[in-house]
Amino acid sequence: MPVKDRDRFSTATRLKLLGEQTAARVYRSQTRRQARRSRLTGRAALLALVLCSMIVALAYPIRQYVSQRAEIADMRRQRQEARERVEELRDLKARWQDDAYAEQRIRERLHYVMPGETGYIMIDPDAAKQSRTTQGAAHLPWYTNVWGGVDKADAAAQ
């Protein structure tokens, strides 16, 4: 057997050849993986860029949408409050159209009395002392303020 053939079949030669083949396969596999990995990384970067662009593009319209929804809710609340206020005013108008209610309120607020009745005003002594010390017209009945104005105008004319 020639030396070349013997070397070809020797264990060391076969192991060396097997190692080289394995290294070549591993290198090719790593190269393919790296190519695939770099391709996926490029795709991932492109996907991330597209997603970021979409988020930036949609941020303002979404913010506007949310603020408009809040405005709509606020306007609905205001509309409901206005409806309730209208109902209260309708009830008040209906009450004032009742003669008995109007008479009661007039007697209470303006201290009116019917013909033949005697009107009394009870004054709290502490309140009277306080009104004298503060000299305020706000604590006096309305007709006292009117008569006081007439007296002042008469005194100024003299």
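No value in this document is a laboratory result; all are computed from the given coordinates. Since the structure is predicted, the reported quantities are computational estimates derived from the model, not experimental observations. When we count neighbours, we look across all protein chains shown, and the Cβ atoms used for this are built from the backbone with ideal geometry, even at glycine.
Quick notes
- The length gained on full extension between Met75 and Glu87, counted as 0.36 nm times the residue separation minus their Cα-Cα distance, comes to 2.5 nm.
- Length released on extending from Val26 to Tyr65, taking residue separation times 0.36 nm less the Cα-Cα span: 8.5 nm
- Rounded to the nearest 20 debye, dipole of segment 3-112 from Cβ charges on Lys, Arg, Asp, Glu: 1840 debye
- Whole-Å semi-axes of segment 3-112's equivalent ellipsoid (Cα gyration tensor): 98, 14, 8
- Net lengthening on full extension, Ala94/Tyr143 (0.36 nm per residue, minus Cα-Cα): 14.8 nm
- Here the 3J(HN,Hα) profile of segment 58-73, calculated from phi with Karplus coefficients 6.51, -1.76 and 1.60 at θ = phi - 60°, is 8, 4, 5, x, 5, 4, 4, 4, 5, 5, 5, 5, 5, 4, 4, 4 Hz, Gly and Pro shown as x.
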